[in-house]
Amino acid sequence: MLNAAAAERNKEPILAVLQDSVNTGRPLQALEISSGTGQHVTHFAQALRNITWQPSEYDRQSLASIEAYRAHYRLNNVKPVIHLDASLPYEYWGGIQAESLDLVVNINMIHISPIACTEGLFKGAGAVLKPQGLLLTYGPYAVNGHITPQSNVDFDYSLRQRNPEWGLRDISFLRSIAERNGLFLEKMVDMPANNKCLLFRKESLV
């Protein structure tokens, strides 16, 4: 059971956004893309019992951690983790069907992955979400070409030094990718430590 300090800090604020944004009165199906250690999905599943969660991860070491969290908490609303590469079409996402999900959650992936993963995330979410389904992304972002405060500027620089394909993405850029895939930015929520939750709703293109 790996433990990420950032996940421990942000799991409760993100849960509060989910509780404000999703229907807690009927059964729902959710996919977390890039589940990391497994801390988020088990925390959300304990609080939102009406949601059946599908964790997923690209990193092999993290897959084992997610399964360890599942075994520890014995949650019947968390499915066994699947290996998922967000850059690939949804047909390669472990058998998840088109328009089968109410919610897709993606935390702290967009800035620490190649742009192909972000594009795949929005394209795949646009396919697997039901009409009116919700995509929630969380992390640090640029806004209209600007990154603030200085700590996020430094973070962006350090990410790009580690991998030129990484870095903070601009919300207007994400919005344009989303809209090409039938997802529309419904709400932005300011979060602790200069992060944001972006809530994208799937709407009919007609």
Can you tell me how many residues within segment 164-183 are open to solvent by less than 20 Å² (accessible area, probe 1.4 Å) and more than 17 Å from ILE147 (Cβ to Cβ)? 4
Please go through segment 81-90 and give me each residue that is open to solvent by 10 Å² or more (accessible area, probe 1.4 Å) and either touching a Ser or Thr at 6+ places or on another chain (Cβ under 8 Å) or of a type outside the set (A, V, I, L, M, F, W, C) (or both), ordered by number. VAL81, ILE82, HIS83, ASP85, SER87, PRO89, TYR90
ALA7 passes all but one of (1) open to solvent by 20 Å² or more (accessible area, probe 1.4 Å); (2) under 14 Å from the mean Cα position of the chain (by Cα); which number fails? (1)
Residue tally, condition in contact with a His (Cβ under 9 Å, 6 or more places away or on another chain), of a type outside the set (Ser, Thr, Tyr) and outside any strand (DSSP E or B), over segment 129-152: 1
Within segment 160-189, how many residues turn out to be in a strand (DSSP E or B) and more than 18 Å from VAL22 (Cα to Cα)? 1
Any residue that is farther than 20 Å from ALA86 by Cα, touching a helix residue (DSSP H, G or I) at 6+ places or on another chain (Cβ under 9 Å) and either among the small types (Gly, Ala, Ser) or buried (at least 20 other Cβ atoms within 10 Å of the Cβ) (or both) - is there at least one of those in segment 20-33? no
Please go through segment 167-203 and pick out each residue that is farther than 16 Å from GLY126 by Cα, touching a residue at least 60 places away in the same chain (Cβ under 8 Å) and touching a strand residue (DSSP E or B) at 6+ places or on another chain (Cβ under 8 Å). LYS187, VAL189, MET191, ASN195, CYS197
When only residues in segment 91-116 that are open to solvent by 20 Å² or more (accessible area, probe 1.4 Å), in a helix (DSSP H, G or I) and touching a residue at least 24 places away in the same chain (Cβ under 8 Å) count, which is nearest to LEU15 (Cα to Cα)? ILE112
Could you list, in sequence order, the residues of segment 62-80 that are of a type outside the set (Gly, Ala, Ser) and open to solvent by 30 Å² or more (accessible area, probe 1.4 Å)? GLU67, ARG70, HIS72, TYR73, ARG74, ASN76, LYS79, PRO80
Show the residue pairs meeting these rules: Cβ distance below 8 Å; 6+ apart or different chains; first residue within segment 152-166 and at pLDDT 95 or above; second residue among the hydroxyl-bearing types (Ser, Thr, Tyr) and open to solvent by less than 70 Å² (accessible area, probe 1.4 Å). GLU165/SER113; TRP166/SER113
Can you pull out every residue in segment 34-54 that is small (Gly, Ala, Ser) and open to solvent by less than 20 Å² (accessible area, probe 1.4 Å)? SER35, GLY38, ALA45
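The values are calculated or read from the model by the stated rules, or taken from the named source; none is laboratory data. Because the structure is a prediction, the values reported are computed rather than measured. Please note: Cβ atoms are built from the backbone with ideal geometry, for glycine as well, and neighbour counts cover all protein chains shown. Heads up: the accessible areas ignore ligands, DNA and RNA and are worked out on the full protein's heavy atoms, side chains in. Shrake-Rupley method; radii C 1.70, N 1.55, O 1.52, S 1.80 Å.
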